[in-house]
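Take a look at the structure set out below.
Read the figures in this text as sums done on the coordinates, not as results from a lab. If you're wondering where the values come from, they're calculated on a predicted model, not measured in any experiment. Using ideal geometry, Cβ is built from the backbone for each residue, glycine included, and neighbour counts are taken over all protein chains shown.
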Amino acid sequence: EAGVAQSPRYKIIEKRQSVAFWCNPISGHATLYWYQQILGQGPKLLIQFQNNGVVDDSQLPKDRFSAERLKGVDSTLKIQPAKLEDSAVYLCASSHPRRGTEAFFGQGTRLTVV
Amino acid sequence: GDSVTQMEGPVTLSEEAFLTINCTYTATGYPSLFWYVQYPGEGLQLLLKATKADDKGSNKGFEATYRKETTSFHLEKGSVQVSDSAVYFCALNRAGKSTFGDGTTLTVKP
């Protein structure tokens with residue numbers, strides 16, 4: 001089966017600009033996650049969706065980050081305005097709620113804010 | 001809250017050496033435990049998992065045993081190869097939410 005698809009792979013923007021990332025999960029996976037991975041650290045959960053509803057967004061900086069999953073499939077994560085400390089890899093993952101708890105990850109989007 | 005602590009890296013080994021990467025966790029209840037691997041330029045891949053106490057996960061020569069009494073899930077491999085060079089992440093999942101350690105970078109030299 002096809003894996004989790006993310007785009008773009010790389011993005012460089014100036015601080016205060018906006019940026020959006022796109023994710024297409026594995027077909028049939030109802031749960032979708034966005035993680036932020038800062039260099040040298042483990043992934044940190046930003047938001048978790050179950051179908052098109054938000055399960056957990058407690059770690060999402062809501063003053064500048066937003067995410068949506070309108071039809072319960074694709075998802076977009078937006079940052080507006082970006083700060084230097086947002087430089088990180090943004091990982092999307094999905095899981096099937098009835099087939100175990102492991103998540104399948106995309107290759108990520110490496111964001112550099114200058 | 002839940003947390004995962006991994007041994008700090010980087011770890012450098014010669015080919016065919018024995019590998020241990022320590023992982024301990026803090027969580028209420030009975031989480032599932034995982035090891036993920038991240039090769040350069042790639043996303044995280046599931047390496048192995050264990051869903052209950054005393055389970056042993058294994059894959060590609062790697063093993064880890066879920067030890068509830070010591071809240072540990074140490075990763076081991078008897079003979080590492082150059083191709084095992086990567087970053088290894090220990091993680092737990094409880095109630096559908098995953099928590100990751102900060103990763104351990106392994107470099108295997110020929």
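Quick notes on this one:
Residues are listed down the side, and each one gets a yes or a no for (1) aliphatic (A, V, I, L, M); (2) within 11 Å of chain A (Cβ to nearest Cβ); (3) out of contact with any strand residue (DSSP E or B) (no Cβ under 6 Å at 6 or more places or on another chain):
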residue: B:TYR25; (1), (2), (3): no, no, no
residue: B:PHE34; (1), (2), (3): no, yes, no
residue: B:GLY41; (1), (2), (3): no, yes, yes
residue: B:LEU48; (1), (2), (3): yes, yes, no
residue: B:GLY61; (1), (2), (3): no, no, no
residue: B:THR71; (1), (2), (3): no, no, no
residue: B:LEU106; (1), (2), (3): yes, no, no
residue: B:LYS109; (1), (2), (3): no, no, no
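- Within the range A:85-114, being more than 18 Å from A:PRO43 (Cα to Cα), in contact (Cβ under 8 Å) with a residue 40 or more places away in the chain, more than 9 Å from chain B (Cβ to nearest Cβ) and surrounded by fewer than 18 Cβ atoms within 10 Å (Cβ to Cβ) holds for A:HIS96, A:VAL114.
- The criterion of at least 2 residues that are under 29 Å from B:GLN6 (Cα atoms) and away from chain B (no Cβ under 14 Å) is met by none of the strands (runs of 3 or more DSSP E) falling completely within the range A:34-79.
- On the stretch given as the range B:41-67, residues that are aromatic (Phe, Trp, Tyr) and assigned to a strand (DSSP E or B) total 1.
- Residue satisfying condition, being at the interface with chain A (Cβ under 10 Å from one of its Cβ atoms), of a type in the set (A, V, I, L, M) and surrounded by 20 or more Cβ atoms within 10 Å (Cβ to Cβ), within set B:ALA86, B:ALA95, B:ALA91: B:ALA91
- Counted residues, the range B:68-110 - those being aromatic (Phe, Trp, Tyr) and in a loop (DSSP other than H, G, I, E, B): 1
- Test for B:THR5: is it farther than 30 Å from A:PRO8 by Cα and either hydroxyl-bearing (Ser, Thr, Tyr) or buried (at least 21 other Cβ atoms within 10 Å of the Cβ) (or both): yes
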